[in-house]
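Heads up, the thing below is written out as structure tokens.
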Amino acid sequence: MSNDSPRPEPRFEARFAETPAEIIETQRLRYRIFAGELGAAIDGGDAQIDADQYDAYCKHLMVLEAESGRLVACTRILTDDMAPLAGGFYSSGEFDLKMIDSLPGRVMEVGRTCVDLEFRSGAVIAVLWAGLADFIVSQGYDYLFGCASIGLEDGGANAHALLDQVKEKFMAPGWQRVRPLIPLPAADARPTCRPKMPPLLKAYFSLGAKACGEPYWDRDFNCADVFVLLNVSDMHSRYVRHFLERSRDAEAGEGLAAMPQLLPKPV
């Protein structure tokens with residue numbers, strides 16, 4: 001007779017939005033964070049939602065609190081077969097993406113990622129990434145790409161210092177570069193302390209992603225957007241194990257509790 005204690009019920013669960021009402025729920029969460037917390041100039045209308053032309057063509061991944069059913073995090077996926085119907089990938093508004101067309105295999109873009117302020121824990125992020133990983137593998141995608149932002153509140157000093165680190169350690173080969181439509185200007189000052197890498201960017205690099213060139217200057221959000229590309233075959237083995245083999249543990253808040261939280265930047 002086994003003495004093993006029963007596995008605890010997961011506190012959070014990930015699944016895709018299945019109805020228009022659920023998609024609107026993700027748009028409300030996005031608006032609350034992007035406009036409410038970050039001060040983005042979003043015309044949310046009376047409904048106070050963050051919606052754009054891409055939403056209708058995306059898959060919307062939700063993280064729910066299992067007991068209450070409350071939406072606590074979300075992201076959206078735009079796949080290579082749906083992007084042409086949406087007018088292209090979202091990132092094409094910031095970068096020249098000719099390089100993406102040259103990649104062998106299937107590609108998908110991740111963006112509009114956000115986590116409710118009350119639930120920014122490792123467990124929630126683990127479930128979100130496990131849901132993405134399940135989709136990548138089950139659907140046979142070869143590359144994931146998106147953007148991670150670095151704030152420019154100090155005039156760009158921290159961003160430029162971090163970008164020097166990125167160029168030294170995490171840059172993609174020359175044939176995998178993209179060109180920003182609005183380059184980041186020179187910094188107004190030098191950093192006064194050791195630069196700290198934003199959690200989302202750090203998470204991408206931990207997975208094995210590479211930066212694909214100079215960042216885009218997002219003046220609306222006063223940040224530098226770094227374009228990152230993840231070759232699924234290059235995912236670091238410890239994260240493959242966590243995301244693909246232990247997704248149930250992640251849902252229970254185990255294993256990946258130390259995973260850095262994502263920045264609520266709409267990319």
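Any read-out appearing in this document is the output of simple, stated calculations on the displayed coordinates, not a laboratory observation. Small disclaimer: the values here were computed from a predicted structure and weren't measured. Cβ: placed from backbone, ideal geometry, glycine included. Neighbour counts: every protein chain shown.
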**Asked** Looking at the square roots a ≥ b ≥ c of the eigenvalues of the Cα gyration tensor of segment 48-158, which shape do they give, rounded for a/c under 1.5, prolate if a/b is larger than b/c, or oblate?
**Response** oblate
**Using θ = phi - 60° and Karplus 6.51 cos²θ - 1.76 cosθ + 1.60, couplings along segment 97-112 (whole Hz; Gly, Pro as x)** = 9, 4, 4, 4, 5, 8, 6, x, x, 8, 10, 8, 10, 10, x, 6
**Asked** In degrees between 0 and 90, to the nearest 10, how far off the longest principal axis of the chain does helix 157-169 point, with axes built from Cα atoms?
**Response** 70
**Asked** Which is farthest toward the positive dipole end of segment 155-215 among Pro195, Ala209, Gly155, measuring Cα position about the Cα centre, with Cβ charges +1 (Lys, Arg) and -1 (Asp, Glu)?
**Response** Ala209
**Cα gyration tensor shape of segment 97-168, rounded if a/c is under 1.5, else prolate or oblate by comparing a/b with b/c** = oblate
**Asked** With a ≥ b ≥ c the root eigenvalues of the C-alpha gyration tensor of the chain, is it rounded (a/c under 1.5), prolate (a/b larger than b/c) or oblate?
**Response** rounded
**Item:** Nearest-20 debye value, the chain charge dipole, Cβ charges on Lys, Arg, Asp, Glu
**Value:** 800
**Asked** Looking at segment 143-202, which trypsin sites (Lys or Arg not before Pro) are DSSP coil and have at most 15 other C-beta atoms within 10 Å of their C-beta?
**Response** Lys196
